[in-house]
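Notes to accompany the following structure.
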Amino acid sequence: MRKENQRSASDKRSVRHVLGLAALLVLGLSGPVLAQQTQSEEEERRARVLSDLPANAAKRIFGSNPKPASMEARAIGSFARGCLAGATALPVNGETWQVMRLSRNRMWGHPDLIRVVERIAKAAPREASWPGLLVGDISQPRGGPMLTGHASHQIGLDADIWLTPMPDRRLTRDERENMSATNIARRDWMDVDPQTYTRAHLAIVRLAAKQPEVSRIFVNPAIKVAFCRDAGADRAWLSKVRPMWGHNYHFHIRIACPKGDATCTDQPLPQDGDGCGEELQDWLKKQYAALIKPRPPRDPNAKPKPKPKPRHWTLDDLPAECREVALAK
């Protein structure tokens, strides 16, 4: 879903999706408001979504199933159109990680991804001076389209890691459901906020990017600016760090398709060096235009354009194997 030199179809859909969310962005606050919804806000939103979804909507089918499909682990389809068989749950508590927003039940992933997240978490204190990970959304138990939020995270190969270091105690259930992550973007969205950004943020993202399975990491363009400035001579890992709307409260890890998994559709690796040049400047300009630049006044006499009726994906819109995953006992 990201703007690359060779952008996939799912990348293009993501850009259009987030542009549509621009009205939900609040100046000086977070990226997309949806990323920081509390438990009650999320429950209200899910109820609204479910009230409008037909019975055969893929979102309803995958978003309402609380358990994984007991099948061989496979990432089926592409990151923004697929499903997940044989998912593994990241334990909600580890010595160097804690899972957040437990009520969403999105701590499920392909076993390869879960191993990568655990490896990063265990190495974080030693190699990044980062005490541990607060882990946000991974995938639903069977992957697939989510009831709320992400367009990707459908095949168990994506994970959100908060830009807030794990505290030196176990968080309560209420804290995990309602506390906010740390926004490290500056109010003008052109650089990081020096009051919240530290070199440890660079170190933890660098550690993640250096994992051989990781193909991309998404951060806000303002954060990529800081990484480009502060990386020093060790810059090869920056090619994996891609600018993307939002992602100012968390960074998004994506691993490549597991070896030998013929049902998984991968993305080409980035090919533009450290990614600190023209592409990054283009993202900054677009973000500024969407969030900061004054808009021309609306014509009070103009008739509102009719909103197109949304088309909800069904199982027929997903890879054929996803029907078996959805219906598995």
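The values are calculated or read from the model by the stated rules, or taken from the named source; none is laboratory data. Note that the structure is a prediction, hence the values are computed from the model and not measured. Heads up, the Cβs are rebuilt from the backbone with ideal geometry, glycines too, and the neighbour counts pull from every protein chain shown.
Being under 17 Å from ALA209 (Cα atoms) and not charged (D, E, K, R) is true for just one of LEU113, LEU147. Which residue is that?
Answer to the check: LEU113.
Which of the residues spanning region 290-309 are surrounded by fewer than 16 Cβ atoms within 10 Å (Cβ to Cβ) and touching a residue at least 24 places away in the same chain (Cβ under 8 Å)? Across region 290-309, the qualifying residue is only ILE292. Residues of region 41-70 that are over 17 Å from MET107 (Cα atoms), buried (at least 18 other Cβ atoms within 10 Å of the Cβ) and in contact with a strand residue (DSSP E or B) (Cβ under 9 Å, 6 or more places away or on another chain): ALA57, ALA58, ILE61. When LEU134 is tested against (1) of a type outside the set (Asp, Glu); (2) more than 21 Å from ALA69 (Cα to Cα); (3) assigned to a loop (DSSP other than H, G, I, E, B), exactly one condition is not met: (3).
Here GLY136 does not qualify as at positive phi and surrounded by 16 or more Cβ atoms within 10 Å (Cβ to Cβ).
Can ALA209 be described as without any contact (Cβ under 8 Å) to a residue 40 or more places away in the chain and among the aliphatic types (A, V, I, L, M)? Judged against the criteria, ALA209 is a match. Could we say that ASP272 is closer than 30 Å to PRO111 by Cβ, surrounded by fewer than 16 Cβ atoms within 10 Å (Cβ to Cβ) and either at pLDDT 90 or above or of a type outside the set (Lys, Arg) (or both) here? Considered against the rule, which asks whether it is closer than 30 Å to PRO111 by Cβ, surrounded by fewer than 16 Cβ atoms within 10 Å (Cβ to Cβ) and either at pLDDT 90 or above or of a type outside the set (Lys, Arg) (or both), ASP272 comes out as no. For region 319-329, the tally of residues that are touching a helix residue (DSSP H, G or I) at 6+ places or on another chain (Cβ under 6 Å) and either touching a residue at least 24 places away in the same chain (Cβ under 8 Å) or in a strand (DSSP E or B) (or both) stands at 1.
Looking only at region 69-119, residues that are among the small types (Gly, Ala, Ser) and in a strand (DSSP E or B) come to 8 in all. In the set ALA208, ALA233, only one residue is out of contact with any Cys (no Cβ under 7 Å at 6 or more places or on another chain) and surrounded by fewer than 22 Cβ atoms within 10 Å (Cβ to Cβ); that residue is ALA233.
Looking only at residues in region 71-93 that are touching a Lys or Arg at 6+ places or on another chain (Cβ under 8 Å) and small (Gly, Ala, Ser), which one is surrounded by the fewest Cβ atoms within 10 Å (Cβ to Cβ)?
GLY86
Every condition in (1) without any contact (Cβ under 8 Å) to a residue 60 or more places away in the chain; (2) within 28 Å of GLN281 (Cα to Cα); (3) surrounded by 20 or more Cβ atoms within 10 Å (Cβ to Cβ) holds for ASP193 except the one numbered (3).
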